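The values are calculated or read from the model by the stated rules, or taken from the named source; none is laboratory data. Predicted, not measured: the structure shown is a model, and the values here were computed from it. So basically every Cβ, Gly included, is an ideal-geometry build from the backbone, and we count neighbours across all protein chains shown.
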């Protein structure tokens, strides 16, 4: 195990957890669409989602848990691509 000089300072623990989601967002043209996604990592303060469609940082979306039908309004904070996978935070 490699030691780092500075310890990781996160507000809460991150968990690797895959939950199927529907992400409802509004296109620049005004049309509302539903996209399929799943959580990749979750914490008490947010999540990293695995998606096929890129979103825009600052964009407001509504996320629906497909198992419980619970929904929450969220703001996209980041977009990362790695090895043909797209991660939205």
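Can you name the residue in the stretch 6-29 that is modelled with pLDDT of 90 or more and part of a loop (DSSP other than H, G, I, E, B) and, of all such residues, is surrounded by the most Cβ atoms within 10 Å (Cβ to Cβ)? Among those residues, the one meeting the criterion is 19.
Residues in the stretch 57-87 that are outside any strand (DSSP E or B) and either touching a residue at least 60 places away in the same chain (Cβ under 8 Å) or surrounded by 11 or more Cβ atoms within 10 Å (Cβ to Cβ) (or both): 57, 59, 66, 76, 77, 78.
Across the stretch 30-43, the qualifying residues are those that are more than 13 Å from the chain's Cα centre (by Cα) and more than 16 Å from residue 71 (Cβ to Cβ), and the one among them that is modelled with the lowest pLDDT is 30.
Restricting the stretch 38-53 to residues that are out of contact with any strand residue (DSSP E or B) (no Cβ under 6 Å at 6 or more places or on another chain) and part of a loop (DSSP other than H, G, I, E, B), the residue that is nearest to residue 28 (Cα to Cα) is 52.
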